[in-house]
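Heads up: the structure comes next, in structure tokens.
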């Protein structure tokens with residue numbers, strides 16, 4: 001089981017591979033190979049070089065399609081040999097004196113393998129369509145999956161067109177840990193002035209505040225402390241290169257934010273502050289060659305993290321858009337930085353912050369990376385998605 005699947009089970013409350021209270025066999029997360037995949041996999045391995053049956057077992061495990069046992073391999077070899085796709089000849093182990101059979105692919109097996117590869121390519125295309133459709137939903141979890149999985153090399157695309165624009169994500173909805181809302185009509189919606197937001201029985205019309213809302217605005221809210229959830233906070237960097245667009249993403253953004261809210265909106269008259277730490281050493285695109293070269297060029301070992309210090313905040317537009325200013329420290333160099341973000345108060349305990357900004361990596365003493373025939377241009381677009389929870393002590397205070 002991969003670490004990602006194990007984390008997924010823990011997050012959604014699964015016990016030993018199934019949801020708590022579910023019937024046996026429901027909602028499984030195990031990776032399953034394509035039907036009869038062991039047959040073309042054996043042909044592929046034998047096309048690389050001939051071998052013994054027991055030696056194929058660890059080589060088949062390299063495909064990461066679950067457990068492979070020796071009896072299944074020998075049954076598959078017998079079937080392939082019956083069909084004339086592989087041939088075997090006896091050899092003798094001088095030490096043990098036992099006869100063993102060494103298998104090799106036949107010319108007919110080579111032609112059948114070619115057909116199998118066409119089938120696998122078709123399966124790959126269909127699975128890629130499923131990924132792209134999920135990517136295009138623009139949901140927050142789709143964005144996080146895109147960053148965590150390094151999809152750009154697999155799909156040939158970076159941050160999805162839906163999620164790459166400010167406000168393009170679907171509005172966040174409360175998690176199970178948030179304060180429960182009575183019905184779908186109680187879900188908060190952000191983005192434009194003059195809309196109505198309902199939290200339980202408290203309703204506020206942003207366009208024409210009622211008397212109670214005016215009274216609440218006159219009060220002085222206290223600063224609250226929010227802690228970022230590293231499992232749901234990510235940074236993705238879109239770059240232009242001589243081979244086309246590339247995307248490098250990383251999860252594990254940590255930090256704290258101190259802010260005051262009134263009626264679900266950030267109060268800028270009470271200056272918010274915060275510090276974010278970005279795991280630079282975790283940047284990946286899904287292409288090991290590109291990733292290794294990028295991490296070497298930015299000296300991720302010497303500077304494994306980047307830091308953002310929030311200094312100023314001002315309203316940038318209607319709804320929940322704000323202009324932030326502060327300092328960005330990357331590659332050991334600190335520069336002033338500013339940009340526009342959307343801050344959604346999904347509940348009184350959780351914030352969702354999204355935004356993007358273009359930077360020139362040369363400002364941080366990093367020349368444009370060049371590897372083989374690949375050159376990365378210096379202007380990069382950085383996307384941030386961060387979710388923060390109120391600290392328990394702050395909630396009870």
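Before moving on, here are some points about what is shown:
- The set of residues in region 259-291 that are at pLDDT 90 or above and assigned to a strand (DSSP E or B) comprises 259, 273, 274, 275, 276, 277, 278, 279.
- Residues of region 324-339 satisfying the condition of being crowded, with 16+ Cβ neighbours inside 10 Å and under 25 Å from residue 262 (Cα atoms): 324, 326, 339
- Selected residue (criterion: surrounded by the most Cβ atoms within 10 Å (Cβ to Cβ)) from residues of region 55-105 that are at pLDDT 90 or above and assigned to a loop (DSSP other than H, G, I, E, B): 85
- The set of residues in region 235-259 that are under 20 Å from residue 385 (Cα atoms), more than 24 Å from the chain's Cα centre (by Cα) and surrounded by fewer than 22 Cβ atoms within 10 Å (Cβ to Cβ) contains only 258.
- Only one entry in 339, 326, 317 is assigned to a strand (DSSP E or B) and either modelled with pLDDT under 90 or under 23 Å from the mean Cα position of the chain (by Cα) (or both), namely 339.
For every residue, the table says whether it meets (1) surrounded by fewer than 18 Cβ atoms within 10 Å (Cβ to Cβ); (2) at pLDDT 85 or above; (3) in the same structural domain as residue 240 (by TED's automatic domain parsing).
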position: 108; (1), (2), (3): yes, yes, no
position: 118; (1), (2), (3): yes, yes, no
position: 122; (1), (2), (3): yes, no, no
position: 126; (1), (2), (3): yes, no, no
position: 129; (1), (2), (3): yes, no, no
position: 146; (1), (2), (3): no, no, yes
position: 149; (1), (2), (3): yes, no, yes
position: 152; (1), (2), (3): no, no, yes
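- Enumeration of residues in region 347-369 that are under 22 Å from residue 225 (Cβ atoms) and either in contact with a strand residue (DSSP E or B) (Cβ under 6 Å, 6 or more places away or on another chain) or part of a strand (DSSP E or B) (or both): 349, 350, 351, 352, 353, 354, 355
- Taken over region 29-54, residues that are part of a loop (DSSP other than H, G, I, E, B) and modelled with pLDDT under 90 amount to 9.
- Of all residues in region 315-337, those that are assigned by TED's automatic domain parsing to the domain that holds residue 278 and at positive phi have Cβ atoms under 8 Å from Cβ atoms of residues that are outside any strand (DSSP E or B) and modelled with pLDDT under 90, 6 or more apart or on another chain, in 319/190; 319/191; 319/192; 319/193; 331/298; 331/366.
The values are calculated or read from the model by the stated rules, or taken from the named source; none is laboratory data. Since the model is a prediction, treat every value here as computed from it, not as a measurement. As a convention, Cβ positions derive from the backbone with ideal geometry for all residues, glycine included, and neighbour counts pool all protein chains shown.
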